[in-house]
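Data block below; observations after.
The values are calculated or read from the model by the stated rules, or taken from the named source; none is laboratory data. Everything quoted here is computed from the prediction, not taken from an experiment. Every residue, glycine as well, gets a Cβ built from its backbone with ideal geometry; the counts of neighbours run over all protein chains shown. For the accessible areas, the whole protein counts, side chains as well, though only heavy atoms, and no ligand, DNA or RNA atoms are used. Shrake-Rupley method; radii C 1.70, N 1.55, O 1.52, S 1.80 Å.
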Amino acid sequence: MDSVWTIGSFYFFTISGYLVSASWERDPNILRFFQRRLVRILPGLVICTILTIFVLGPIFTTLPMKEYFGNPHTRGYLQNIGLHIVYYLPGVFEHNKIGNAVNGSLWSLPVEFLMYVVIALIGVLQGNRWTLVILATASAATCLMWAQVSTEMLVFYNFDLRQAFICGTYFWIGACLQRFNLKRHLTPTAGMLALFAMMSLEPWPSQLALTSWVLLPIVVLAFGFAYSPWLRHLTRSGDYSYGIYIYAFPIQQSVVYMWPNIGIGNYLLICTACTYLMAMLSWHLVERRALNFKPRNPSPTLQQPTNVASA
């Protein structure tokens with residue numbers, strides 16, 4: 001089976017495919033669509049990037065401050081704001097197990113944004129839900145014939161283009177589940193059956209890899225739609241998911257740097273507490289305020305008809 005990190009990215013792309021497809025369907029306007037995407041992604045990322053350069057970097061760099069701030073790679077880290085992902089800050093986390101990587105989680109943001117572009121392109125060209133099926137099938141086939149078997153990176157805009165298919169397949173399956181209106185079938189029972197099927201296929205990795213493109217999204221969305229009073233209470237104060245995503249990696253790297261021999265229990269406790277705190281601050285001080293600038297959906301009577309959701 002894939003690592004927890006890899007499976008987590010598949011979860012992320014599945015949910016994103018479902019929600020972003022629904023967003024376009026509700027309001028198929030390309031300008032408002034990208035305004036919503038940018039308002040959700042950029043403000044938190046901008047603040048995270050600035051804090052990383054001007055707070056985390058000076059604390060953990062092994063270089064003198066003048067040399068650190070004078071290094072062109074320090075200024076180059078600002079490219080993350082444009083989704084041109086840079087992982088290196090001079091002298092920071094050089095000797096960690098994952099060396100010279102300040103925020104490895106950011107790799108998926110340009111891949112994700114590429115999916116937004118394709119969703120909008122499909123909508124503008126009046127594609128329908130079967131277009132998404134064809135795209136998901138083509139993406140899966142590309143995985144089998146190239147992305148999953150190639151050992152060489154194909155770099156585009158500083159990200160590995162193979163990931164546009166490896167993770168993108170889950171995005172398109174999520175979009176298909178939304179566009180075919182299958183939510184009523186994504187019950188906890190369906191999720192448990194899909195999970196049991198995946199566990200049963202564990203001895204056959206090839207078959208598991210093929211079926212996981214459908215089974216894993218069913219598991220993710222079925223349990224995501226399930227009602228839980230405890231989870232509802234936990235998320236009542238805000239949506240901390242993006243903040244957790246962008247702050248977890250640098251916090252984990254910081255903890256490992258400060259306490260290289262820390263036990264797994266203390267490591268998880270400290271990382272979880274610090275990440276949740278930063279995510280909470282990011283939501284209340286940055287992300288929620290930025291969402292005030294998100295364009296509203298036009299009145300249903302003003303929306304133009306579209307073929308995007310039709311067969």
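Below are the figures for this structure:
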{"read-out": "Relative contact order (%) - the chain, alpha-carbon pairs under 8 angstrom, separation at least six", "value": "27 percent"}
{"read-out": "Carbon and sulfur %, accessible surface of the chain computed with the full protein complex present, 1.4 Å", "value": "68 percent"}
{"read-out": "Cβ crowding within 10 Å averaged over residues, with 143-150, 53-60 ranked highest first", "value": "53-60, 143-150"}
{"read-out": "CD proxy at 222 nm, helix term only [per DSSP H run n ≥ 4: -39500 (n - 2.57); per residue of the chain; nearest 500]", "value": "-19000 deg cm²/dmol"}
{"read-out": "Rounded to 10°, Cα long-axis angle of helix 205-225 versus longest principal axis of the chain", "value": "90 degrees"}
{"read-out": "Rounded if a/c under 1.5, otherwise prolate or oblate - the range 48-93, Cα gyration tensor axes", "value": "prolate"}
{"read-out": "Other-chain or far-sequence residues with amide H under 5 Å of Phe159's (modelled H)", "value": "none"}
{"read-out": "On Cα atoms only, tilt of 30-51 relative to the major axis of the chain in degrees", "value": "20 degrees"}
{"read-out": "Positive-end residue, the chain charge dipole about Cα centroid, Cβ charges, pick of Thr169, Leu144, Leu121", "value": "Leu121"}
{"read-out": "Order of exposure, largest accessible area first, which applies to Trp107, Trp204 with probe 1.4 Å", "value": "Trp204, Trp107"}
{"read-out": "Net length gained if the chain between Arg288 and Ala226 were fully extended (0.36 nm per residue, minus Cα distance)", "value": "19.8 nm"}
{"read-out": "Degrees, to the nearest 10: 241-258 long Cα axis against longest axis of the chain", "value": "30 degrees"}
{"read-out": "Label-point gap, in nm, between Tyr276 and Leu210 - each point 7 angstrom along Cα→Cβ", "value": "4.3 nm"}
{"read-out": "Extension reserve of the Leu121-Ala141 stretch, reckoned as 0.36 nm per residue once the Cα distance is removed", "value": "5.1 nm"}
{"read-out": "Solvent-accessible heavy-atom area per residue, rounded to whole Å², over the range 88-194 at 1.4 Å", "value": "47 Å²"}
